[in-house]
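This report concerns only the one structure given below.
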Amino acid sequence: MQPLRTIIIGLDGATFDLIDPWARAGFLPNLARLMEQGVRAPLAAWPNMNSAVAWSSIITGYNPGQHGIFDFGDRLAWQHQEWHPTTAADRRRRAFWQLLSDAGQQVGVINVPISYPANPLRGFMLAGMDAPSVNSPGFAHPPDLMSELRLQGIDYVLDVPGLGRLCHKDPGRVPEPVTAMMDSRSRTILHLMDSRPWDALMAVLVAPDRMQHFYWPEGREAPDDGPDWAPIRGVYQQVDRFLSNVLARVGQNTVVLVVSDHGFGPRRLASNCLNPMLARVGLLRFRADVRPRRPLGFLLRWGRRRLPLPFQYLLAKRLPALYVRAVSQSKNPDVDWSRTQVFASLRGRSIWINLKGRQAYGIVPPEEYEALRQRVSELLLTLTDPATGRRVVRAVHRREDVFRGPYLDRAADLLVEWDEVIAGDGLAYPDGGQPVYARPQSRRVGEAGWTANHRSEGVFIAWGPGVIRPGVTLTESAHAARPVTHYDISPTVLHLQGLPVPADMDGRVLAEIFTEEYHRGHAVRIGQSGATADRTVGLEADEARLVEERLRSLGYLE
Ligand SMILES: [Zn+2]
């Protein structure tokens, strides 16, 4: 048997809730073929449900306590200080492609989130959305790759900022910039596959995530034939056509993995009501006077959102203190930190204790931390949906029960597992018989006009003649003891590529996806513990602002 090649296609935000009905209806013949001839399984994305932490876990095989990336930015700082966007320079574990390259294999990496600066590896690499721009030094390896693409007539773009502005003007029509991004990304990947040797290749397509955030028909769980599903279906069909071009290029000795970082579903606002609920029960205080009486605060928030970037840079250079204040104002303008014990992240998935000595304006003494954590857990578990009276939180976990490693202290104090289907648009708390309610102030709170958000069930599909079992569905119930997780992708790829798996990786080789024949000839080898990542240079202040602005226009920041 020839040595295997592995190709990993990352589909940011892809969900079986859309793939299955559209594959059955004949819209996605190539995804249908991969599932019919291979293995499919739900990917358990909780607790790593944002793309930064999810992809970092996928490419390293380690949990965030080991690789150190929990979000798109430094979350401990986000209350008061200038926020620092995450890049690969912050990742403390090495990606699988570095291990393969060190072992003498040729690798290709295209557009994996949190991969800037590109690694100088054996092969080629284009960094992801954490890069300031496609012209930044460190975006491409080898450095002349971008000029080569331009010679091929490919206008490679990093993302589609400002999609929120285009949104809903013409339902039924796929926004042209998303189509253009998918097209240039597909052409780039196919060109690099054709023009260079590779043993393993990973490329991430972010278009499904972007389109779903903004164009998911509001409140709908399942797609129908209506025109308002056309933009999202159009993107999946574009992905499917790209897969047909990939499959036409790979031989019998190639394994194809299709992986999403998380699932997707209509946005429910219950989780956005967590801070108002914490305020109702006295654990968080809003400043009542902030809007009418603080014109400077209003001006700073307005400027941060509306002023053109170059003008903001100029102001930031001249008036650095005012700039930091503007950043802080635009993050949490109306929280009174001096009277706040507990607060939730924007999307309500994580809870922080305002701890003395850790948070800039912390008030909770360390000796009260455990009792407060316990009290908040119990409170969260009794929250219900005001309309149905059903519990909306499935479980609350202490960080040390979910993550382990030297960076555990960067995690939030509590992690909330929402019931994504039962949670509605508000919260009720049975406060001693007289229920307390928290409701969203408007449907357009934060998130740049998103109609849908991440869910905990992602997608895993594996295909490879003779290697991967044909036509197998690993269902959630049959598979509950050992679901497929982000951490399992790297060890599985290393094993397929003939390398030992580092002994301390959090993931496992997904042995259940292989044929008996492949199993017999390929015992899993366990190697030394993995090395930590080499330090690389992070972003300059101006570069960090470019990345921050992109994240904000995509809805990932307030
Ligand atoms: Zn997203």
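Here is how the numbers come out for the structure above:
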| quantity | calculated |
| --- | --- |
| Residues located in the range 23-62, provided they are part of a helix (DSSP H, G or I) and within 16 Å of the ligand (Cβ to nearest atom) | Ser51, Ala52, Val53, Ala54, Trp55, Ser56, Ser57, Ile58 |
| Close pairs (7 angstrom Cβ cut-off, 6 or more residues apart or separate chains): over 14 Å from Asp261 (Cα atoms) in the range 57-68, of a type in the set (D, E, K, R) and in a helix (DSSP H, G or I) anywhere | Gly68/Asp90; Gly68/Arg410 |
| Matching entry among Tyr369, Tyr323, Tyr313 (being surrounded by 15 or more Cβ atoms within 10 Å (Cβ to Cβ), part of a helix (DSSP H, G or I) and modelled with pLDDT of 85 or more) | Tyr369 |
| Qualifying positions in the range 144-166 - more than 19 Å from Leu190 (Cα to Cα) and part of a loop (DSSP other than H, G, I, E, B) | Val160, Pro161, Gly162 |
| In the range 515-542, residue surrounded by the most Cβ atoms within 10 Å (Cβ to Cβ) [restricted to those that are within 23 Å of the chain's Cα centre (by Cα) and either closer than 30 Å to Ala452 by Cβ or of a type in the set (Gly, Ala, Ser) (or both)] | Leu539 |
| Residue within the range 493-508 that is on the phi > 0 side of the Ramachandran plot, within 16 Å of the ligand (Cβ to nearest atom) and out of contact with any Ser or Thr (no Cβ under 7 Å at 6 or more places or on another chain) present | no |
| Given (1) under 13 Å from Asp334 (Cα atoms); (2) modelled with pLDDT of 85 or more; (3) out of contact with any Asp or Glu (no Cβ under 7 Å at 6 or more places or on another chain), number of the condition Leu274 does not satisfy | (1) |
| Test: residue in the range 415-425 that is under 14 Å from Leu283 (Cβ atoms), in contact (Cβ under 8 Å) with a residue 40 or more places away in the chain and crowded, with 21+ Cβ neighbours inside 10 Å | no |
| Residues satisfying the stated conditions in the range 520-551, i.e. out of contact with any Phe, Trp or Tyr (no Cβ under 8 Å at 6 or more places or on another chain), in contact (Cβ under 8 Å) with a residue 24 or more places away in the chain and farther than 21 Å from Phe139 by Cα | Gly521, Val524, Arg525, Ile526, Gly527, Gln528, Ser529, Ala531, Thr532 |
| Tally of residues being modelled with pLDDT of 90 or more and of a type in the set (Asp, Glu) across the range 31-84 | 1 |
| Output for the range 173-189, where each listed residue is buried (at least 17 other Cβ atoms within 10 Å of the Cβ) and among the hydrophobic types (A, V, I, L, M, F, W, C) | Val174, Val178, Met181, Met182, Ile189 |
| Flag for Gly138 being part of a strand (DSSP E or B) and not hydroxyl-bearing (Ser, Thr, Tyr) | no |
| Condition check for Gly530: within 16 Å of Ser57 (Cα to Cα) and either among the hydroxyl-bearing types (Ser, Thr, Tyr) or assigned to a loop (DSSP other than H, G, I, E, B) (or both) | yes |
| Residue among Arg339, Arg267, Arg347 that is within 16 Å of the ligand (Cβ to nearest atom), over 30 Å from Ala32 (Cα atoms) and either modelled with pLDDT of 90 or more or surrounded by 18 or more Cβ atoms within 10 Å (Cβ to Cβ) (or both) | Arg347 |
| Scope the range 531-558; condition within 27 Å of Pro406 (Cβ to Cβ), within 16 Å of the ligand (Cβ to nearest atom) and hydroxyl-bearing (Ser, Thr, Tyr); matching residues | Tyr556 |
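The values are calculated or read from the model by the stated rules, or taken from the named source; none is laboratory data. Computed from a prediction, not measured in an experiment: that's the story for all the values here. We place every Cβ from the backbone using ideal geometry, glycine too, and count neighbours over all the protein chains shown.
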